[in-house]
Amino acid sequence: MTDTSMSAATETPQAVLVIERTYRARVQELWDLWTTKSGFESWWGPRGFRVEVRALEARVGGALEYDMIADAPDAIAAMKRIGQPVSHFTHGRFAEFEPLERLTPVHMIDFISGVEPYDHTIEVDFHASGDSARMVVTVHPHSDPHWTKMAVEGFQSQLTKLDARFGGPGR
Amino acid sequence: MQLNPFETLADPTRRRIVEALRGGERQVGEIVDQAGIHQSGVSRHLRILHESGFVSVRPDGQRRLYALRPGPFREIDAWLAGYRQLWEARLDRFGAALEKRRRDRGARKKEPRK
C-alpha cells in the first residue's frame, strides 16, 4: 500500500484481511502450491470443496481457471442453502507474478445473480527466513459484502463441525 | 435507502467523522474542526451515520451532541471474524498440503531402487 496519508484507523474496516503464516519449508515449495496445477488443487478452496484446474499459466497476466466443486455433504448443503450451484467455473488471472516473491491472483466474480461482475484480489508475499518461509496473504474485500456474509454464514456450521472432528484448526 | 455497515463506512468522509467521535461526544462544530470537512458535508454524513445506527444524538441545551454507538461496529467485527476464519481454515489446508508433499517426497527417497 503506497498511500499512507490516511492513518490505518481511518481505513475502511473491511479494507483488507491480512493473514501471515510461517512454514518450515522453502519458499519454492510454497510457491509451487500456488502456481502448479497439482499444487493448487491440493489445497485451494474452503473445506468441503475441491478444485479441478482447467488452466494455470504461470506468468504475469496468465490465466487461472478452475471448477470449484462442493464435494462434502455439508458443503453441498451449504451451497444449496445460499442458492448457489454445487460446482461453478471460476476464472481469473495472475495480475502480478514475481517468482518466489510475490503473486497477485485476481478472480473474476461473475457468478452471483443480480450482482455486476467484479474483481476480487488476493496478494501473496513470500519471504525466506532461515530454514523457514513466511507467507503473507492479503485478501481484499468482496465488493458485495452481503453475499460474502451469506457465504461465510453458510460455511460456518460446516467449519465448526470439521474443526471439532479434527480437533480444531492446526497451525 | 438503508445502507449496510460496510457501505456506510465505505465513504472516507464518514470514516473521518467516526474518527473524530472516537474521543467521545462532540458537537457538529467540533467535528468540523477535527475532521476538516465543511459543515454542510458533516451534517449530511452525520444524518447517514445516525440512520445507519453508528451515531447517536442527544440534545444538551442549545447543543446537539453526537456519539458513537457500538452495535454496527460489533456487526462488522463479527463479519470479519467469520471471514478471517474462512481464510485461516484455507491456510490450514495449505499447510497440510505442504506437509503431505514433504512426506510423499521423503517416502519416495526412502524407497529402495529396483
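Just so it is clear, none of the values below were taken in a lab; they were calculated from the coordinates. Small disclaimer: the values here were computed from a predicted structure and weren't measured. Note that each Cβ is placed from the backbone with ideal geometry, even for glycine, and that neighbours are counted across all protein chains shown.
Remarks
- Put simply, the Cα atoms of chain B extend 93, 26, 24 Å along their principal axes, the longest span coming first.
- Per-residue mean of foreign Cβ neighbours for B:10-19 is 3 (Cβ atoms of other chains, 10 Å radius).
- Look at the Cα gyration tensor of segment A:30-79: its axes a ≥ b ≥ c give a/c of at least 1.5 with a/b over b/c, and that counts as prolate.
- Cα-based helix-to-principal-axis angle, B:12-21 vs chain B, degrees rounded to 10: 70
- Peptide B:95-104, shielding by other chains (average Cβ, 10 Å cutoff): 6
- Counts of other chain beta carbons within 10 angstrom of each beta carbon in peptide A:32-44 average 3.
- Remark: segment B:45-54, residue by residue, has Karplus-estimated 3J(HN,Hα) of 6, 5, 5, 5, 5, 5, 5, 8, x, 6 Hz, where x stands for each Gly or Pro and the curve is 6.51 cos²θ - 1.76 cosθ + 1.60 at θ = phi - 60°.
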